[in-house]
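Structure first, commentary second.
Please treat every number below as a calculation from the coordinates, not as lab data. Just so you know, these numbers come straight off a predicted model, no measurement behind them. No Cβ is skipped: glycine too gets one built from the backbone with ideal geometry, and neighbour counts run over all protein chains shown.
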Amino acid sequence: MTASVDARTTDIELKLLIDAIFHRFHYDFRGYAQASLKRRLTAACERFDCATLSQLQDKVLHDPETFPGLLDYLTVQVSDMFRDPAYFRALRERVVPHLRTYPSLKVWVAGCSSGEEVYSLAILLREEDLLDRTLIYATDINTGALRRAEAGVYPIDRIAGFTENHRRSGARTSLSDYYTAAYGRAVFDKSLKKNVVFSDHSLATDSAFAEVHLVSCRNVLIYFNRALQDRALGLFREAICRKGFLGIGTKESLNFSAHAQAFEELDREQRLYRKRGDA
Amino acid sequence: MSAQPSRPGVSAVAVGASAGGVEALIRLLSALPADWPAALLVVLHLPRDRPSLLVDLFAPRCALRVVEAIDKEPIVPGTAYIAPPDYHFLVEAGEAGEPPHAALSVDDFVQYSRPSIDVLFESAADVFGPRLAGVILTGANDDGAAGLRAVRRAGGVGLVQDPDEAHASAMPIASRDAGADFVLPLAGIVHWLQSQHEAVSP
Ligand SMILES: C[S@@+](CC[C@H](N)C(=O)[O-])C[C@H]1O[C@@H](n2cnc3c(N)ncnc32)[C@H](O)[C@@H]1O
């Protein structure tokens, strides 16, 4: 984008573009954190050959091909299996013992991207002998990512990293038990997703849809401003059963949220929380 | 070298460092008083995937409060915020009457780096404008040059460690060549930062 457009003008254009997308496509990015959104849309300008965000707005409104591609700039599809192994270790040690006491379980992975976090949890629950009685809701707004999540196929060159993370998460099995490798790809075992429902759901515009025992929502809230974080956390608070559990990203915090009081810290470092009995 | 600023003191100083940066940062951070009137925002390139020990390393040597930047944490004077490993560290303007706050992202690598110095500097320039100084220290890549340009374009001050003195010279050279207000040895940079204190203190 041209350096001659001053920062304030860019801010105005950004707001107008986001409004246009909301009115035209009903995707609501109005409550997203501005700084990183601006960077990604600036990169999108280059990709779509636009000199300004206003030109990009023109294109997104008049060329139906543009929006699906732009969605990959508006949302960030970066994920890993067992990202932050210590988080999964803490889930095993601090949350699983409670989960065991329920005859059936529901887990919501909000902002699941291309599924890495979902398969990580499914494997962990299988190792703990809980997967058969668990229903997992895996939701995201990026339908392309959801399709990849449902497929459960990843490039083989990512497997070494996944395996190392899995091992460090306190694994009881070997990751290779869960996929077959073929033609440069690792295809994860279908039985892992037998009880997984993948669906399009926005934390910005949709409501809570079920009562669950655990919500895992990692590195999604960082993309929201405080008001939208509060909306999303409100949905989690509503969905999580009495004394149920919430896990968020390692560098995210409930401290700055209106809902902080509804949760108590279960593992401070790993950002695991438990809903208070009276919340 | 005793660059007493003829301008009002800065509200924030963004610092970027890479190879050799730990030692340089210790010298810089430990020289600032607890009541230093600005916030420090720090990106140091590190091997990813490792819990950052930087805060434990810096805090006991510093009078300033040293913390790892957490998403949405308010940015206040007298505190050094260190970018967590494997996250970009950005600054967001505060809403009505509130201070700016930290914002993190796991967006793709920029200049092969996450955290990226360019990402921090560009977003901080947007928020702090002329009340920001950018400092590029030792490092063996190009990260930070575009960021420092953004800082200066927004009216802020650009300082670069003298490449002859830096442990690794590539990063300071790239930033100097992109344009800097001061190219100084580390001691000179420290002095400039300390003078911000005098500029504000009675
Ligand atoms: C960085 S990824 C995190 C993936 C995974 N949770 C992890 O930690 O590895 C962020 C995800 O949030 C999704 N997302 C963004 N806005 C959302 C919204 N309003 N509702 C639901 N998901 C959203 C994005 O599409 C993306 O897949």
| Residue order, fewest to most beta carbons within 10 Å, for B:His191, B:His45, A:His201 | B:His191, A:His201, B:His45
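Taking the DSSP beta bridges in the range A:85-275 as the whole, what percent of them are antiparallel, to the nearest 5? The partial results should precede the final answer.
Values: 14 of 33 bridges.
If we restrict to bridges inside the range A:85-275, about 40 percent are antiparallel.
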| For chain B, modelled as a Gaussian network with Cα springs under 10 Å, which listed residue fluctuates most, B:Asp71, B:Asp86, B:Asp118? | B:Asp71
| Got a sec? How would B:Arg114, A:Arg274 order by Cβ neighbour count within 10 Å, fewest to most? | A:Arg274, B:Arg114
| Gaussian network model of chain B, Cα within-10 Å springs - most flexible of B:Ile136, B:Ile75, B:Ile117 | B:Ile75
| field | FRET efficiency estimate (nearest 0.05) - Cβ-Cβ, A:Ala51 to A:Arg24, R0 35 angstrom | value | 0.95
| task | Enumerate the lysines that A:Lys38 could reach by cross-link, defined here as Cα to Cα under 27 Å, with residues fewer than 8 away along the same chain left out. | result | A:Lys15, A:Lys59, A:Lys251, B:Lys72
| message | Name the residue from A:Asn225, A:Thr101, B:Val119 whose Cα lies farthest towards the positive end of the charge dipole of the protein assembly as shown, charges +1 on Cβ of Lys and Arg and -1 on Cβ of Asp and Glu. | response | A:Thr101
| Near A:Lys193, which lysines are there with a Cα under 25 Å away, not counting those fewer than 8 places off in the same chain? | A:Lys106
| request: Select from A:Asp206, A:Asp230, A:Asp140 the residue whose mean-square fluctuation is largest in a Gaussian network model of chain A (Cα-Cα springs shorter than 10 Å). | output: A:Asp206
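Per residue of B:93-104, how many C-beta atoms from partner chains lie within 10 Å of its own C-beta, taken as a mean?
On the way: counts 3, 0, 3, 0, 0, 1, 0, 1, 4, 2, 9, 10.
Shielding by partners across B:93-104 averages 3.
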| message | Angle check, please: helix A:53-62 long axis (alpha carbons) against the longest principal axis of chain A (alpha carbons), in degrees 0 to 90, nearest 10. | response | 80
| With Cβ to Cβ distances under 13 Å as the rule, what net charge do the other residues near A:Gly111 carry (K, R +1; D, E -1)? | -4
| Distance between the range A:83-162 and the range B:170-196 - C-alpha centres, whole angstrom | 47
| said: Placing +1 on the Cβ of each Lys and Arg and -1 on the Cβ of each Asp and Glu in the range B:1-150, which of B:Pro77, B:Pro33, B:Ala146 has its Cα farthest towards the positive end of the resulting dipole? | reply: B:Pro33
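Quick one: if you take sqrt(5λ) for each eigenvalue of the C-alpha gyration tensor of chain A, what semi-axes come out, biggest first, whole angstrom?
Values: eigenvalues 233, 107, 50 Å².
Listed largest to smallest, the semi-axes of chain A are 34, 23, 16 Å.
List the DSSP H helices in chain B whose Cα atoms stretch 15 Å or more along the helix axis and whose mean Kyte-Doolittle hydropathy is at least 1.0.
Numbers: long enough: B:117-128 (16 Å, 1.22); B:186-200 (22 Å, 0.34).
Those that clear 15 Å and a mean of 1.0 are B:117-128.
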| message | Please report the equivalent ellipsoid semi-axes of the range A:181-279, computed as sqrt(5 x eigenvalue) of the Cα gyration tensor, largest first, in whole Å. | response | 27, 16, 15
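Which value, in debye to the nearest 20, gives the size of the charge dipole of the range A:85-275 about its Cα centre, when Lys and Arg are +1 and Asp and Glu are -1 at the Cβ? Please report the intermediate quantities before stating the final value.
Values: 28 positive and 23 negative charges, 43 e Å.
Once rounded to the nearest 20, the dipole reads 200 debye.
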| Pairwise label distance in nanometres, A:Asn255 with A:Arg172, each label 7 Å out on the Cα-Cβ vector | 3.5
| request: Before anything else, pin down the relative contact order of chain A: Cα pairs under 8 Å, at least 6 apart, normalised by residue count, whole percent. | output: 17
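Of all beta bridges DSSP finds with both residues in chain B, what is the antiparallel percent, to the nearest 5? Before the final figure, lay out the partial values.
Details: 7 of 32 bridges.
Roughly 20 percent of the beta bridges in chain B run antiparallel, per DSSP.
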| Structure-based [θ]222 nm, the protein assembly as shown - -39500 (n - 2.57) summed over DSSP H runs of at least 4, per residue, nearest 500 | -10500 deg cm²/dmol
| note | Here the FRET efficiency for B:Ser30 versus A:Glu269, based on Cβ atoms and R0 = 35 Å and rounded to 0.05, is 0.85
| task | Place a +1 charge on the Cβ of each Lys and Arg in the range B:12-200 and a -1 charge on the Cβ of each Asp and Glu, then give the dipole magnitude about the Cα centre in debye, rounded to the nearest 20. | result | 280
| said: Using only the alpha-carbon atoms, how far is helix A:116-127 inclined from the longest principal axis of chain A? Give it as 0 to 90 degrees, nearest 10. | reply: 0
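If you wrap the protein assembly as shown's Cα atoms in a convex hull and average its projection over all directions, what's the area in nm²?
Numbers: hull surface 94.0 nm².
Approximately 23.5 nm², given one-decimal rounding.
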| task | Determine the shielding of peptide A:31-37 by partner chains: average, over its residues, the number of Cβ atoms on other chains within 10 angstrom of each Cβ. | result | 6
| Considering every residue in A:223-229, what mean count of other chain Cβ atoms within 10 Å of its Cβ is obtained? | 3
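With a 10 Å Cβ neighbour count serving as the proxy for reagent exposure, in which order, fewest first, do A:Ser54, B:Ser105, B:Ser52 appear?
Details: A:Ser54 19, B:Ser105 25, B:Ser52 15.
By the 10 Å Cβ count, ascending: B:Ser52, A:Ser54, B:Ser105.
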